[in-house]
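Got a structure for you, questions after.
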Amino acid sequence: MNSNFLFKISPLSSEKRSDPTARKNPYLFKGERFGISEGRLHLLRNEFNYETIPMDSISAIEVRDGKDLKNWWWVLIVGLALIGYALRDLYYIFFLFGLWRIDVERVLIIVLPMALGVYSIFIALRNTRVMIVKSTSKSYYLSLRELVKRQQFIEFVEYMEKSHRAFSNKAR
């Protein structure tokens, strides 16, 4: 038999091997949709960088209190419409058709839109700190909710005040 195989089988070594799926965090500060490294703002989607903006091309960065969503009023309208539909359906069941026969499916038709409507209203009215970044070509509305939750907001503000000349903090 030939001892030169296509694959070599070696015994497991006692040394620790690094996990190939573990990635180092290259950002000084990281939110849900952005990361900040030395001299750059990285826009993230599913934790992957899809656009990098040099800090030199940013004309203004403003941090203030605001809504967590950019178009929060659309979500609010959808939530109110779902709750309105559920209440209308509830009215038809109780007052027009009577309580003598209610199917399980009919109850689900009320409960699901009501729950989605309440959740949509909660999400639409949620306030947090937001960062508005104005570059030479576009404006970005980024939530700082993750930094506030991880208690890194004060460090973030101190770093941005030192590193960027057009930074303004209007948050309370």
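Going through the range 155-172 one residue at a time, which ones are under 17 Å from Met55 (Cβ atoms), hydrophobic (A, V, I, L, M, F, W, C) and not in a strand (DSSP E or B)?
Of everything in the range 155-172, those that are under 17 Å from Met55 (Cβ atoms), hydrophobic (A, V, I, L, M, F, W, C) and not in a strand (DSSP E or B) turn out to be Phe156, Val157, Met160, Ala166.
Do we have any residue at all in the range 87-106 that's closer than 30 Å to Arg64 by Cβ and either hydroxyl-bearing (Ser, Thr, Tyr) or not assigned by TED's automatic domain parsing to the domain that holds Arg64 (or both)?
No, there is no match, as no residue in the range 87-106 is closer than 30 Å to Arg64 by Cβ and either hydroxyl-bearing (Ser, Thr, Tyr) or not assigned by TED's automatic domain parsing to the domain that holds Arg64 (or both).
Follow-up question, since we're still on this one. Take Leu87 and tell me if it is farther than 23 Å from Phe153 by Cβ, touching a Ser or Thr at 6+ places or on another chain (Cβ under 9 Å), surrounded by 11 or more Cβ atoms within 10 Å (Cβ to Cβ) and not β-branched (Val, Ile, Thr).
Here the answer is no, as Leu87 does not meet what is asked.
Can you pull out the residues in the range 138-172 that are within 21 Å of Asn71 (Cα to Cα) and without any contact (Cβ under 8 Å) to a residue 12 or more places away in the chain?
Of everything in the range 138-172, those that are within 21 Å of Asn71 (Cα to Cα) and without any contact (Cβ under 8 Å) to a residue 12 or more places away in the chain turn out to be Lys138, Ser139.
If I ask for residues that are touching a residue at least 24 places away in the same chain (Cβ under 8 Å), among the hydroxyl-bearing types (Ser, Thr, Tyr) and not in a helix (DSSP H, G or I), which ones from the range 50-60 would you list?
Answer for the range 50-60, where residues must be touching a residue at least 24 places away in the same chain (Cβ under 8 Å), among the hydroxyl-bearing types (Ser, Thr, Tyr) and not in a helix (DSSP H, G or I): just Ser59.
The values are calculated or read from the model by the stated rules, or taken from the named source; none is laboratory data. Computed from a predicted model, the values in this text were never measured in an experiment. Glycine gets a Cβ as well: all are built from the backbone with ideal geometry, and neighbour counts include every protein chain shown.
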